[in-house]
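What follows is a short report on a single structure.
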Amino acid sequence: MVSIDVFRKLALSFEGAAEQPHFERTSFRAGKIFATLDEKNSLACLVLSPVDQSVFCAFDKSVIYPVPNKWGKQGATYFNLKKVRKDMLKDAMTQAYERAVIKRNSKK
């Protein structure tokens, strides 16, 4: 289990990461959004590559699963914070963060 506070600290531990509102959720950005947090439902959404998404989702679909819409087909992935291990979340968040930084830098 990963608490909301631990998730927030982990997301903000990345260089240049910032927390901002994003509709009814909180987003974490490094130029681009790499994670959002739904505190009410203890769900995090990480923006992974489709390949990384398939790797993490292979673990347990009750813990990690694609967002059930077009965003999910593009790598948006839910992590159930009540069930996910911190080390697995950290690995996935690192992938999401690095992907956001690469996308931000490719726009310059």
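The values are calculated or read from the model by the stated rules, or taken from the named source; none is laboratory data. Note that this is a predicted model, so its numbers are computed, not measured. Reconstructed Cβ throughout: ideal geometry from the backbone, glycine too, with neighbour counts over all protein chains shown. The accessibility values were calculated without ligands, DNA or RNA, using every heavy atom of the protein model including side chains. Shrake-Rupley method; radii C 1.70, N 1.55, O 1.52, S 1.80 Å.
Solvent exposure of the chain, expressed per residue, is 58 Å² of accessible area, with all protein chains present and a 1.4 angstrom probe. With R₀ set to 30 Å, the beta-carbon distance separating LYS70 from LYS9 gives a calculated FRET efficiency near 0.45. 3J(HN,Hα) along segment 7-13, derived from phi through the Karplus expression 6.51 cos²θ - 1.76 cosθ + 1.60 where θ = phi - 60°, amounts to 4, 4, 4, 5, 4, 7, 6 Hz, with x in place of Gly and Pro. Residues whose amide H falls under 5 Å from that of LEU48, counting only those 5 or more places apart or on a different chain, are ALA76, THR77, with hydrogens built in the peptide plane.
Sorting the segments 22-29, 11-18 by their residues' average number of neighbouring beta-carbon atoms within 10 angstrom, most packed first, yields 22-29, 11-18. Charges were assigned to the Cβ only: +1 to each Lys and Arg, -1 to each Asp and Glu. The resulting dipole of the chain about its Cα centre is roughly 280 debye.
Computed over the chain with a Gaussian network model linking Cα atoms closer than 10 Å, the most mobile of VAL55, VAL67, VAL47 is VAL55. Each distinct pair of alpha carbons in segment 9-60 adds a 1/r term; the inverse of their mean, the Kirkwood radius, is 11.9 Å. Could you tally up the Lys pairs in segment 41-108 with alpha carbons closer than 19 Å? Skip any pair fewer than 8 positions apart unless they're on separate chains. So the count of such lysine pairs works out to 8.
Cross-link reach is defined here as a Cα-Cα straight distance under 12 Å, omitting same-chain residues fewer than 8 places apart; for LYS9 the aspartates and glutamates meeting it are GLU19. Atom-type composition of the exposed protein surface of the chain places 54 percent of the accessible area on carbon and sulfur (1.4 angstrom probe). Extending 7 Å from Cα along the Cβ direction at LYS86 and again at LYS40 yields two label points whose distance is 2.8 nm.
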